[in-house]
Structure formats: C-alpha cells, structure tokens
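So the structure is just underneath, and the comments pick up after that.
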Amino acid sequence: MTIFNYSVDPEGVAVISWDLPGASMNVMTEQGIAEIDAAFDKALGDPAVKGIVLTSAKKDFAGGMDLNILGRARREAEASGRAPAEAIFEGVMRMHHLLRKIELAGMDPKTKKGGKPVAWAAPGTAAGIGLELGLACHRRFAADNPKAKIGLPEILVGIFPGAGGTTRLVRMLGVMGASPFLFEGKMMSPKAAKAAGAVDEVVPADALLAAAKAWVLNASDADIVKPWDAKGYKMPGGAPYTPAGFQTMAGGIAMIHGRTQGVYPAAKALMSAIYEGAQVDFDTAIRIEARWMTNIMLNPSSAAMIRSLFLNKEALEKGAVRPKDVPDMSVKKLGVLGAGMMGAGIAYVSARAGMEVVLMDRDQAAADKGLATITGLLDDDVKKKRLSEEAKAEVLARLTATPDYTALKGADLVVEAVFEDPAVKANVTKLAEAELAPDAIFATNTSTLPISDLAKASRNAERFIGIHFFSPVHRMMLVEIIKGEKTGPEAVAKSLDFVRQLRKTPIVVNDARFFYANRCIIPYGGEASRMVAEGIEPALIENAAKQLGFPVGPLQLGDETSIDLAEKIMRATKEAMGKDYPENAGDDVVQALFDAGRLGRKTKAGYFDYDEAGKRTGLWRGIHDHFPLAEEQPDVTEVKHRLMLAQVLEAVKALEEGVLEDIREGDVGAILGWGFAPWSGGPFSWVDILGAQEVVRICDALAQKHGPRFNATKLLRDMAEKGERFYDRFAPAKAA
Ligand code: NAD
C-alpha cells in the first residue's frame, strides 16, 4: 500500500493512516478507494485486531474526493458501450459497499454482535468524502485544531454528498439539523461540528490517537450499532409523513425551489434523495441516494459547474496561464496610488496578505481617509472574529498612508487607482516611476481606458499592465489582468503572483474596449434598460434574470453600481466611438433616471424605490410616465433569451477577437466577475449545454425581431454546422 499505512499496535488496535504521497492534503483517488477497502478487509479479517482507528498522517484528514474522478467516471461510462447510468451507478455503489462494510464492521447481521469498533480520528480539516468516511465509523474524534474545517461542501460545486453522507447525516441529525451541512455546504470548526452533532468528541491534538484507541478498546457491542440498524429507529424531527416531518419537508422543498429557482439540479436531487430515502430502510435509502447521484453525475449542469467552479478555477489560481520561464515574482512592497474606494480596498487586501503597503493620495487628509476606510474593515474583521487585535495591529504596521512619492522607494509593484482621467493617470505614473527601481512593475486599475494608451506615459511599456479589481475589492474574487500591446511576460507573471498572494482568481485578457467582464456586463444592463424603454414590465425582466440563475436582476445591478456610472460610461463611449456608437433606446431610460436624480441605491432611488434604511421596497412605477407599459407583454422565454444572448454573444466575440485567449478564463471570469448563471458553468459552457445549433436558432429568431445585435457570430455558425462544443474545439485536453 502506498496511500494508506497499516499497522497494528501491541494492544490489538489497527491504525489505518491516510497519507497520499506527494500531496499536502489527502484527496480520494481510485487507487485510494482500492487501498482503504483492502486495509479494512485485512483488519476485519485478522483475529488479532480488536478494533480500528482511521486517521491521517498529515495535518488534515482529507480535502475530499479528487473531483477529476467524476469526470473520468463519466467519460469511461460513456465509452464503456453500456448505458452510462448503469456503469456510474455501479461505481457509486462500490463506494457505498465499502462504507457499509466499515459501519457493520463484521458484526452478526441478526444479533448485531461481534463487530469491531471503528473510530475516526481527524487531526484537521475533513471535507466531503473525508467526513463521509467518518460518518460511517462508530465514533468521531476531532483534534481541537483552530484551523480545521469540517463539513460537506459538495453542493457548492454542483453535486451533493453521494457516498452516504446525505443518508447518514439526515438519519443522525434530522432534515433540519443536517441542512446547514447538506444544502449550504457549511464548513464548521471542530467545536461547532460537535455542537451540530456531526462529531462526537473534540480532544487536544496530541491526545487524539490515544483517545480514539481508548474508545475502540472499551466499546461494547451496543456502542457500535448505528441507530438506524437498531430496532425501533425513528428519524430525529420526524420522517416525511409525521406531522412535524411533513411541515419540515413541505417548507424545505418550497424554500429550496425559491432559492435555486429550479436551475440547480443538485439541490433538487439532494432533496429527492432525502425525501425518498427517509421513507425506506437504510440500505434501500443508500440505493436511492446512489440513483440520484448517478442522475447528477450525468447532468451537464453539474459537470459544467465542477469544471468551472472547481477544476478550472483552481487551475487558473495555480498559474495555468502564467508565463512558464519567469521565476517567482511575489510582491514584497506595494505602492497604491489613490486612496479612494478602490485604492483603499486594494491596500487593505494586500496588507492583510502580508505585503508592506504604501497608500498614496493627493494630500495627507485624503490618504488618511483611505486609511480610515481600511481601519473600519479591520475593525469589522475583529468584531466578526476573523482577526485578533494583535493581527490587526500587525496589518496596520505594514501600512503607510502619505502624499509623499519618495515613500514608494523600494516598491516592486505599484497599482494606480486615481480618478478615471488619462491626464491625471499619466501624471501620477511619471511621478511614481521616478522613485522606482527600473525593474518595478506599474499597473493601472482603470475600468475603461485602453491600457496601451495609458502605457504611453510610462518609461517602459513592457513593464506596464492593467490589474482590474472589482468592487468591493475585499469581497470580489475575480481580478482581470489586461495586457497592453507592449506588455511583457514579467509584468504578467508579477500580476499573477500578486493575485495568488491575495488568494483571488485571475484571468488574463488582451486590451480592448471594456476588456472582458465589463464588455459583457454593460450589454446585459443595456438590454434590460432597452426593454424598459419598450414598455416591458420591469418585474418580468428582473424575474427572468432570476429564473436564469442570476443572483441579482439587471435593474437591481444598475441601482447597485449606480445610474451616474452608467450615464458616465454611456457618455464616454459615445464620445470615443462617434458615429459608430450603436443607438440604444435604453440610454433614454438611464438618462431619465439620471435627470430625476435617481442615481441608484446610494440615493435610495433608482429603478427601485427604497425605504429610509436603504432597503428596496419595490420597483419605481414613475418610470412608466416616461415609458408607458406595453399592452402586450413578451413571453418570459424571449426575455430570458435576450438577457442571456446579450452577454453570451459578447463573450464569444471576445474570444473571436482574441481578447480572451482561453475559454476557461471566459467561463470562470463570468461567474466570479458578475455572477453569470453559475449552474451553467459560464457563457461558453452554456452554449455547450444548449448546443451551438440551438443557440444559433435563438440568435436568428432574436435578430429577426430585435435587430442585428443578436446576429450569431461566424464561429457560432461554424460550430453549429459541425456540431462542435467549445470544450472540444478549444480545450480538448483540459475538458472535464
Ligand atoms: P475614487 O474617486 O473613490 O478614488 C480616487 C482617489 O484618487 C481619490 O481618493 C482621489 O483623491 C485620488 N486622486 C485623484 N487624483 C490624484 C492624484 N493626482 N494623486 C493622488 N491621488 C489622486 O475612485 P475609485 O472608485 O476608487 O476608482 C479609482 C480607479 O479604479 C478608477 O480608474 C476607476 O475607473 C477604477 N475602478 C473603479 C471601480 C469601481 O467600481 N468604483 C471598479 C474597478 C475599477
């Protein structure tokens, strides 16, 4: 064995210790499954073994299943010549048999006597299959490790706990008690996991193994029979057809549907597995869970979510697109120019990540204002127990707020976030570069100005780049890195290393109007305001977006990002494009709101009305004085298609024009950047799910009715003709 170490101590306790070679965290692989199966066979079959402890030789127990397995299983099933569902179901059931073997531990099926006690001893984090293994054991010990997180995060990547975690946890804690783990994917500290009932004992780290062994040696036959294997078992909180259980299920089903709008298949499958499984015996429930798992593994949405939200996101974070031959360029001292909303945010996340930061503004008062913003964020961290007072003091000690350019000496990266004005930006670029070593990198956080133009103010365009953060910086996980015409590989590598230090997700794109994310977001809002101008009911627009799985509708998004920003972008774009500017009746809607002083949430008035506390109270009906409601309203499907294609066509064009170099970045960037329907895996995955032919058909219908902005592109038509998918055509080796 190479993944699981096996030893038996003098008292007869077999210790099965997980230690995946060459990895800092255990993950379950095909070979791992075979080895742990063999290890349990050995321990259960050896008369000298009295009990078993399952633990890890690493600081954590396990990060979960190697999610590549799921993609492989699906591909192998499809290639097997058998019905894919049958092959996948068998694979899932193999896992169940292994866990059930651990749980029954060789006991007599009738008397339930003679089994060997099995304890789970987790030194640190235990996620997914890591915890599911624990749930099959008879007692769970967790080390009192402040860094440990215990839970079942599967739902967050589009699947659900399918190795018995669903069935066991519901039978242990009831539907309500299991919900935070199953439906929210909540990861808990060992103490919280114990309070929630998923863990039995939290012990000091150095006493972990001894405590588990002692329990194993003292456990009685009755101690190792699971409640559901004993006579008279009743589900906590009641099974579905008891008065209490009925209320929970009925409410739960409605809540899940409301939250997911029916577009997340995993939440629905999870609910079905719970509901159906709760009405039958344990072994039948496991088979039901396996059937729903099979259903989910074959669902294209789940496959796309795993690919974008897990595999490709991680690949980008690990430097998939980083220039290979540039050595590590981690940032030590960062300069931030402009201590406004973005500058303060960038300085905050960087100082939090351990960098020394100089935050500059025009005068000391402006710089101090930025510092006050940061202090506010740190205070909030302390209040929410994410940071200790000492750590806060350390972060503050790394920050200098000043108007003095000489403080930038020694900085290896500068990020400029001053006003969106080329002349102001050119001026601060020159002043800052005068203080910097020749090899320092200069970045701009501009959201609209071409990087190649701004680079003209720099002494060296090769070391000049765009690093575009989203607002609020501390919450938004995407960072868009933009290469100007002359940007060199070291500037790209530096930016990627910086983003890695911040633990955010980068995409690297080429320089073109609005780069990638804003290029897609702006037409999304534009299409929505155009519909308002046409007299389409705003509630229909917002609900269509929600049904597509967007976290916020486009009109709400307009209010959040502010109407004056939309007006400013509109004006600047008109000026820059001249007669090429595509006329949009939606501009009149933005103008009307702007003229009425309804600038969005910050003014407590926009597309929506707000109460004094800034809470939305409903859509503003006054808009219809300017743009009367049409007598005939379109079908919701047409509204959905318009909102979707407004974004998807821009994403495809960005690829065709070379702004995007990698569809993985297009998909991951869309979900993290503006919440693009996560269930779809991103715009390119969405096209793959529908099929290019169907997408072209929708485009043709929309173009005929609403104009050439919906024309399908050359690439889409070509793919439709050939029956191709993006993930075959552009990333054959990487497709999951
Ligand atoms: P802001 O107005 O909040 O902050 C700009 C800061 O720059 C102010 O503190 C101002 O005093 C300072 N400043 C102006 N001229 C200066 C000079 N000559 N020297 C030093 N400091 C100077 O603006 P913001 O929203 O933080 O945006 C900053 C940049 O980030 C802009 O380029 C903007 O396009 C970009 N951006 C903004 C967002 C957003 O959502 N607000 C998102 C991405 C990028």
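The values are calculated or read from the model by the stated rules, or taken from the named source; none is laboratory data. Keep in mind that this is a model prediction, so the values were computed, not measured. Here Cβ is always computed from backbone atoms with ideal geometry, including for glycine, and neighbour counts include all displayed protein chains.
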Residues of the range 167-209 that turn out to be assigned to a loop (DSSP other than H, G, I, E, B), crowded, with 19+ Cβ neighbours inside 10 Å and free of Cβ contacts under 8 Å to residues at least 40 places away in the same chain, as a count: 1
Given (1) within 13 Å of the ligand (Cβ to nearest atom); (2) in contact (Cβ under 8 Å) with a residue 60 or more places away in the chain; (3) buried (at least 19 other Cβ atoms within 10 Å of the Cβ), index of the condition Met476 fails: (3)
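One line per residue, one yes/no per condition, for (1) closer than 21 Å to Val349 by Cβ; (2) among the aliphatic types (A, V, I, L, M):
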site: Ala401; (1), (2): yes, yes
site: Ala407; (1), (2): yes, yes
site: Gly410; (1), (2): yes, no
site: Lys430; (1), (2): no, no
site: Glu433; (1), (2): no, no
site: Asn445; (1), (2): yes, no
Given (1) more than 23 Å from Pro403 (Cα to Cα); (2) within 16 Å of the ligand (Cβ to nearest atom); (3) buried (at least 18 other Cβ atoms within 10 Å of the Cβ), number of the condition Arg463 does not satisfy: (2)
Inter-residue pairs, beta-carbon under 9 Å, first more than 24 Å from Tyr264 (Cα to Cα) and in contact (Cβ under 8 Å) with a residue 60 or more places away in the chain and in the range 689-714, second in a helix (DSSP H, G or I) and polar (S, T, N, Q), 6+ apart: Phe710/Gln704
Selection within the range 84-114 - free of Cβ contacts under 8 Å to residues at least 40 places away in the same chain and within 32 Å of the chain's Cα centre (by Cα): Glu86, Ala87, Glu90, Gly91, His97
Members of the range 210-229 found to be buried (at least 17 other Cβ atoms within 10 Å of the Cβ), out of contact with any helix residue (DSSP H, G or I) (no Cβ under 8 Å at 6 or more places or on another chain) and not basic (Lys, Arg), listed by number: Ala211, Ala212, Trp215, Val216, Ala219, Ile224, Val225
Asp361 vs. criteria crowded, with 18+ Cβ neighbours inside 10 Å, acidic (Asp, Glu), within 13 Å of the ligand (Cβ to nearest atom) and touching a residue at least 12 places away in the same chain (Cβ under 8 Å): yes
Criterion (of a type outside the set (A, V, I, L, M), out of contact with any helix residue (DSSP H, G or I) (no Cβ under 9 Å at 6 or more places or on another chain), free of Cβ contacts under 8 Å to residues at least 60 places away in the same chain and not in a helix (DSSP H, G or I)) met by exactly one of Gly232, Gly251, Gly258: Gly232
Selected residue [surrounded by fewer than 17 Cβ atoms within 10 Å (Cβ to Cβ), in contact with a helix residue (DSSP H, G or I) (Cβ under 6 Å, 6 or more places away or on another chain) and closer than 25 Å to Arg307 by Cα] from Glu30, Glu78, Glu86, Glu90: Glu78
Residue list for the range 467-493, filter: within 19 Å of the chain's Cα centre (by Cα) and either assigned by TED's automatic domain parsing to the domain that holds Gly669 or of a type in the set (S, T, N, Q) (or both): Ser471
Scan of the range 261-276 for residues that are in a helix (DSSP H, G or I) and within 19 Å of Pro180 (Cβ to Cβ), ordered by number: Ala266, Ala267, Lys268, Ala269, Leu270, Met271, Ala273, Ile274, Tyr275
In the range 646-703, residue farthest from the chain's Cα centre (by Cα) [restricted to those that are under 22 Å from Gly549 (Cα atoms) and not in a helix (DSSP H, G or I)]: Gly691
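Table: residues versus (1) aromatic (Phe, Trp, Tyr); (2) surrounded by fewer than 23 Cβ atoms within 10 Å (Cβ to Cβ); (3) over 19 Å from the mean Cα position of the chain (by Cα); (4) not in a helix (DSSP H, G or I).
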{"residue": "Met293", "(1), (2), (3), (4)": "no, no, yes, no"}
{"residue": "Ser301", "(1), (2), (3), (4)": "no, yes, no, no"}
{"residue": "Ala304", "(1), (2), (3), (4)": "no, no, no, no"}
{"residue": "Arg307", "(1), (2), (3), (4)": "no, no, no, no"}
{"residue": "Leu311", "(1), (2), (3), (4)": "no, yes, no, no"}
{"residue": "Glu314", "(1), (2), (3), (4)": "no, yes, no, no"}
{"residue": "Arg322", "(1), (2), (3), (4)": "no, yes, yes, yes"}
{"residue": "Asp325", "(1), (2), (3), (4)": "no, yes, yes, yes"}
{"residue": "Met329", "(1), (2), (3), (4)": "no, yes, yes, yes"}
Residue satisfying all of: in the range 491-516; farther than 15 Å from Ala443 by Cβ and of a type in the set (Phe, Trp, Tyr); surrounded by the most Cβ atoms within 10 Å (Cβ to Cβ) among these: Tyr516
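The rows are residues; the columns are (1) at pLDDT 95 or above; (2) closer than 20 Å to Glu534 by Cβ; (3) crowded, with 20+ Cβ neighbours inside 10 Å.
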position: Phe684; (1), (2), (3): yes, no, yes
position: Ala692; (1), (2), (3): yes, no, yes
position: Cys699; (1), (2), (3): yes, yes, yes
position: Ala703; (1), (2), (3): yes, yes, no
position: Ala712; (1), (2), (3): yes, no, yes
position: Arg717; (1), (2), (3): yes, no, no
position: Arg729; (1), (2), (3): no, no, no
position: Lys734; (1), (2), (3): no, no, no
Count of residues meeting criterion [closer than 30 Å to Met570 by Cβ, surrounded by 15 or more Cβ atoms within 10 Å (Cβ to Cβ), of a type in the set (Asp, Glu) and more than 6 Å from the ligand (Cβ to nearest atom)] in the range 409-448: 1
Identity of the residue in the range 283-317, polar (S, T, N, Q) and farther than 30 Å from Val499 by Cα, that ends up modelled with the lowest pLDDT: Asn299
First in the range 8-23 and assigned to a strand (DSSP E or B), second anywhere and among the polar types (S, T, N, Q), Cβ under 6 Å, 6 or more apart: Val15/Ser7; Ser17/Asn5; Ser17/Thr55; Trp18/Asn26; Trp18/Ser56
Pairs where the first residue, in the range 380-395, is over 21 Å from Lys333 (Cα atoms) and the second is among the charged types (D, E, K, R) and assigned to a loop (DSSP other than H, G, I, E, B), C-beta under 9 Å, 6+ apart: Asp380/Arg386
